[in-house]
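To keep things clear, I will list the structure first and then write my remarks on it.
The values are calculated or read from the model by the stated rules, or taken from the named source; none is laboratory data. Since we're looking at a predicted model, the values are computed, not measured. Neighbour counts run over all protein chains shown; Cβ positions are idealised from the backbone, glycine included. Each accessible area value is taken on the protein alone, full model and side chains, heavy atoms only, with ligands, DNA and RNA left out. Shrake-Rupley method; radii C 1.70, N 1.55, O 1.52, S 1.80 Å.
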Amino acid sequence: RFDTTHQPGALKADFTEGLEVRVAGRILSRREMGKATFFDLGDISGRMQCYLSKGDVGDEAYVQFNQLVDIGDFVGVEGFTFITKRGERSIHI
C-alpha cells in the first residue's frame, strides 16, 4: 500500500511549483541522461514526468533503481514539483 496525495494527470493539470507530493502509477517511459533519470509515471488520470538524480539518492540507490525498475512497473514516488530547464512540469524525487 502506498498512500498518495495526488494523481499524475490531475497534478500536471493543476500544477503548483514547490508542492510536496506522493504519487503512484505505472512507469510509461524511461530515459537515462548521465547522472539523472527521467521517467513518466501514469494512471488513468494522465501522466507526469519524474526526475531522479544520482547526487540526491547516492550511487548505490541510483544504480539499483535503474537495474530493477523498468517500463510497466508500478511505483510510488515522493518529492516536490518543479519545472525543468526545458519547461516540463515534473516531480523531483
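Considering only DSSP states other than H, G, I, E and B, which trypsin sites (Lys or Arg not before Pro) in segment 32-93 qualify as loop sites with at most 12 other Cβ atoms within 10 Å?
Within segment 32-93, the qualifying trypsin sites (Lys or Arg not before Pro) (loop, at most 12 other Cβ atoms within 10 Å) are Lys35, Lys85, Arg86.
Considering only protein heavy atoms and a probe of 1.4 Å, how much of the accessible area of the chain is carbon and sulfur, as a whole percent?
Result for the chain: 49 percent of the exposed heavy-atom area is carbon or sulfur.
For Thr84, put the label point 7 Å out on the Cα→Cβ axis and report which residues of segment 28-47 keep their amide N under 15 Å from it.
Counting backbone N atoms under 15 Å from the label point, the list is 28-42, 47.
With every protein chain left in place, what is the accessible area per residue of the chain in square angstrom, probe 1.4 Å?
Numbers: 5680 Å² over 93 residues.
Roughly 61 Å² per residue, with all protein chains present.
According to the square roots a ≥ b ≥ c of the eigenvalues of the Cα gyration tensor, what is the shape class of segment 48-93, taking rounded for a/c under 1.5, prolate for a/b larger than b/c otherwise, and oblate for the remainder?
Values: a/c = 2.08, a/b = 1.39, b/c = 1.49.
Here segment 48-93 falls in the oblate category.
Which residues among segment 1-36 fall inside the zone where the amide N is under 19 Å from a point 7 Å beyond the Cα of Gln64, along Cα→Cβ?
1-2, 36
How high is the FRET efficiency from Ser29 to Arg1, r the C-beta distance, R0 35 Å, rounded to 0.05? Could the numbers behind the result be given before it?
Details: r = 25 Å, r/R0 = 0.73.
Efficiency at R0 = 35 Å is approximately 0.85.
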